[in-house]
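A.B. asks: This is the structure, below, for whatever I ask next.
The values are calculated or read from the model by the stated rules, or taken from the named source; none is laboratory data. These numbers were taken from a predicted model, which means no experiment stands behind them. A quick note on method: Cβ atoms are made from the backbone with ideal geometry, for glycine too, and the neighbour counts reach across all protein chains shown.
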Amino acid sequence: MKTYCKESAFFLTIVFSSIVSISYAQSYETSATQKKSAFQWPEGKKMGLSLTFDDARLSHVDKGIPLLDKYGVKATFYVSPGNMVKRLERWKSAVSNGHDIGNHSIVHPCSGNSAFLSSRDEALENYTLEQMSMELDSANKLLKNILGIRPLSFAYPCGQKYVGRGMVTKSYVPLITSMFETGRGFLDETPVDPAFCDMAQLTGMELDGKSFDQVKKIIESAKKEGQWLIFTGHEINVGGNQTSLLPVIEAICQYASDPANGIWLDNVHNIASYVKEKRGEKPFSETPIYTNSSYPVKQRIDDLISRMTLEEKVDQLNMPCLYNEELGSRIEKKLEGCRKFDQYM
């Protein structure tokens, strides 16, 4: 009997915990458990709102950007080069109009469980940090050459932030921290707390398939808590799979443009740079690979050597060997010998 009672109590505890967890996971819609952010937005604004779209889909420049430009709204587009080149002139115009272009990798690597991967070579389980670094660097160079911009924003393909598998799985968040001002996730459950957030792990909430009533509810919840809401979409059209609906996007633009609603609607870079400034942080600058311990040693050495002038390389070759007896037998003598050597160089 006692065993039965214990099992029943355990079962009820599990059920109750599950209910609480589900309620908490959905709390972004009601703000029932959210704590108001201490962050101070610009005068008259109560929240930040960014519209972001992934993959450089043809509908972005064909339908989405013309609508955004109609309302003077600047969005962030995380582009895949293969799609981008199909509408290159329109993407150049988007840059000229102030839209933020972000890096989304070259081949869109995701978990090998994803059915849309063309090859398991694109599976994150088969990636290394060095391979990811090279791919993102290649994407940056490509965007610089084609669009004339150096991306400051990055979106994790499929929202997944790891490479490798099992015991050798590694996060590539530190890599994004060193290469970009921001990194945005996908299918997250809550908006961003600008006073606390990690810029390399900004949350992205799905916009695809939502009605304006659903969207407005999330916006109002984020506004109440003083948060930064980042919506994430894919196709931009009047209907279809994985699609942010044109009427909903237009309704967002109209709603946010009313000063009475206290919404700062802008691209990720503009809001991120403001947040960093208000938090007393320095503007973003890319961390040299050779100083970043998240990279393999060989890659750090290669990066350092690539930055050195011929004179600096020659100086390194001419450095005295501390095992050389002519410098002295004790550490103090060796140090003194090195100083004298340096004086005559």
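A.B. asks: Pairs only if they're at least six apart or on different chains, beta carbon under 9 angstrom, first in the stretch 274-293 and in contact (Cβ under 8 Å) with a residue 12 or more places away in the chain and closer than 22 Å to residue 197 by Cα, second among the hydroxyl-bearing types (Ser, Thr, Tyr) and surrounded by 11 or more Cβ atoms within 10 Å (Cβ to Cβ); list them, first residue then second.
C.D. replies: 284/182; 284/273; 286/178; 287/177; 287/178; 292/177; 292/178
A.B. asks: Tally the residues that are out of contact with any Leu (no Cβ under 8 Å at 6 or more places or on another chain), more than 22 Å from residue 270 (Cβ to Cβ) and of a type outside the set (Gly, Ala, Ser), restricting the search to the stretch 228-257.
C.D. replies: Final tally of qualifying residues: 7.
For every residue, the table says whether it meets (1) among the charged types (D, E, K, R); (2) in contact with a strand residue (DSSP E or B) (Cβ under 6 Å, 6 or more places away or on another chain); (3) modelled with pLDDT under 70.
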{"site": "288", "(1), (2), (3)": "no, no, no"}
{"site": "293", "(1), (2), (3)": "no, no, no"}
{"site": "301", "(1), (2), (3)": "no, no, no"}
{"site": "312", "(1), (2), (3)": "yes, no, no"}
{"site": "325", "(1), (2), (3)": "yes, no, yes"}
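A.B. asks: Taking the stretch 255-302 as the search range and keeping residues that are of a type in the set (Asp, Glu) and surrounded by fewer than 16 Cβ atoms within 10 Å (Cβ to Cβ), which one is farthest from residue 225 (Cα to Cα)?
C.D. replies: Residues of the stretch 255-302 of a type in the set (Asp, Glu): 258, 266, 277, 281, 286, 302.
Narrowing further to those that are surrounded by fewer than 16 Cβ atoms within 10 Å (Cβ to Cβ): 258, 277, 281, 286, 302.
Details: 258: 19, 277: 20, 281: 23, 286: 32, 302: 47 Å.
Here the answer is 302.
A.B. asks: Can you tell me which of (1) within 19 Å of residue 91 (Cβ to Cβ); (2) in contact (Cβ under 8 Å) with a residue 24 or more places away in the chain is the one residue 131 doesn't meet?
C.D. replies: Just one mismatch for residue 131, condition (1).
A.B. asks: Can you find a residue in the stretch 226-238 that is free of Cβ contacts under 8 Å to residues at least 60 places away in the same chain and either under 20 Å from residue 102 (Cβ atoms) or part of a loop (DSSP other than H, G, I, E, B) (or both)?
C.D. replies: Restricting attention to the stretch 226-238, the residues satisfying the condition of being free of Cβ contacts under 8 Å to residues at least 60 places away in the same chain are 238.
Checking the rest, the ones that are also either under 20 Å from residue 102 (Cβ atoms) or part of a loop (DSSP other than H, G, I, E, B) (or both) come to 238.
Yes - at least one qualifying residue is present in the stretch 226-238.
A.B. asks: Out of the stretch 204-223, which residues are of a type outside the set (Gly, Ala, Ser), within 22 Å of residue 158 (Cβ to Cβ) and surrounded by fewer than 23 Cβ atoms within 10 Å (Cβ to Cβ)? If you could, list the steps in order and put the result at the bottom.
C.D. replies: Taking the stretch 204-223 as the starting set, the residues that turn out to be of a type outside the set (Gly, Ala, Ser) are 205-208, 210, 212-220, 223.
Add one more test, that the residue is within 22 Å of residue 158 (Cβ to Cβ), and what stays is 205-208, 210, 218.
Across the stretch 204-223, the qualifying residues are 205, 206, 208, 210, 218.
A.B. asks: Are there any pairs with C-beta distances below 6 angstrom linking a residue in the stretch 33-56 that is within 21 Å of residue 255 (Cβ to Cβ) and touching a residue at least 24 places away in the same chain (Cβ under 8 Å) to a residue that is assigned to a strand (DSSP E or B) and of a type outside the set (A, V, I, L, M), with the two at least 6 apart or on different chains, and if so which?
C.D. replies: Listed pairs, sorted by first residue: 45/264; 48/228; 48/264; 51/231; 52/76; 52/232; 53/77; 53/233.
A.B. asks: Now a separate question. Which of the residues spanning the stretch 138-147 are surrounded by 16 or more Cβ atoms within 10 Å (Cβ to Cβ) and under 18 Å from the mean Cα position of the chain (by Cα)?
C.D. replies: 139, 140, 143
A.B. asks: Something else about it: With the requirement that a residue be surrounded by fewer than 19 Cβ atoms within 10 Å (Cβ to Cβ) and either touching a Gly at 6+ places or on another chain (Cβ under 9 Å) or in a strand (DSSP E or B) (or both), what does the stretch 244-254 give you?
C.D. replies: Within the stretch 244-254, the first condition is being surrounded by fewer than 19 Cβ atoms within 10 Å (Cβ to Cβ), and the residues that meet it are 246-247, 250-251, 253-254.
Matches in the stretch 244-254: 246, 253.
A.B. asks: Any residue that is charged (D, E, K, R) and either surrounded by 14 or more Cβ atoms within 10 Å (Cβ to Cβ) or at pLDDT 95 or above (or both) - is there at least one of those in the stretch 37-47?
C.D. replies: At the first step, the residues of the stretch 37-47 found to be charged (D, E, K, R) are 43, 45-46.
Filter once more, keeping what is either surrounded by 14 or more Cβ atoms within 10 Å (Cβ to Cβ) or at pLDDT 95 or above (or both): 45-46.
Yes; the residues of the stretch 37-47 include at least one that is charged (D, E, K, R) and either surrounded by 14 or more Cβ atoms within 10 Å (Cβ to Cβ) or at pLDDT 95 or above (or both).
A.B. asks: Hey, can you tell me all the residues within the stretch 41-74 that are under 20 Å from residue 220 (Cα atoms) and assigned to a loop (DSSP other than H, G, I, E, B)? If you could, list the steps in order and put the result at the bottom.
C.D. replies: Filtering the stretch 41-74 for residues under 20 Å from residue 220 (Cα atoms) gives 41-52, 73.
Listed by number, the residues that qualify are 41, 42, 43, 44, 45, 46, 73.
A.B. asks: Taking the condition of a type in the set (Gly, Ala, Ser), over 20 Å from residue 208 (Cβ atoms) and crowded, with 21+ Cβ neighbours inside 10 Å, does residue 64 pass?
C.D. replies: Criteria not met by residue 64.
A.B. asks: If you don't mind, another one. Do we have residue 186 as of a type in the set (A, V, I, L, M, F, W, C), touching a helix residue (DSSP H, G or I) at 6+ places or on another chain (Cβ under 6 Å) and in a loop (DSSP other than H, G, I, E, B) here? Walk me through how you get there before you give the answer.
C.D. replies: Details: of a type in the set (A, V, I, L, M, F, W, C): yes; touching a helix residue (DSSP H, G or I) at 6+ places or on another chain (Cβ under 6 Å): yes; in a loop (DSSP other than H, G, I, E, B): yes.
Yes.
Rundown of residues vs (1) in contact with a Lys or Arg (Cβ under 9 Å, 6 or more places away or on another chain); (2) among the small types (Gly, Ala, Ser); (3) not assigned by TED's automatic domain parsing to the domain that holds residue 51, yes/no style:
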| site | (1), (2), (3) |
| --- | --- |
| 218 | yes, no, no |
| 235 | yes, no, no |
| 280 | no, yes, no |
| 299 | no, no, yes |
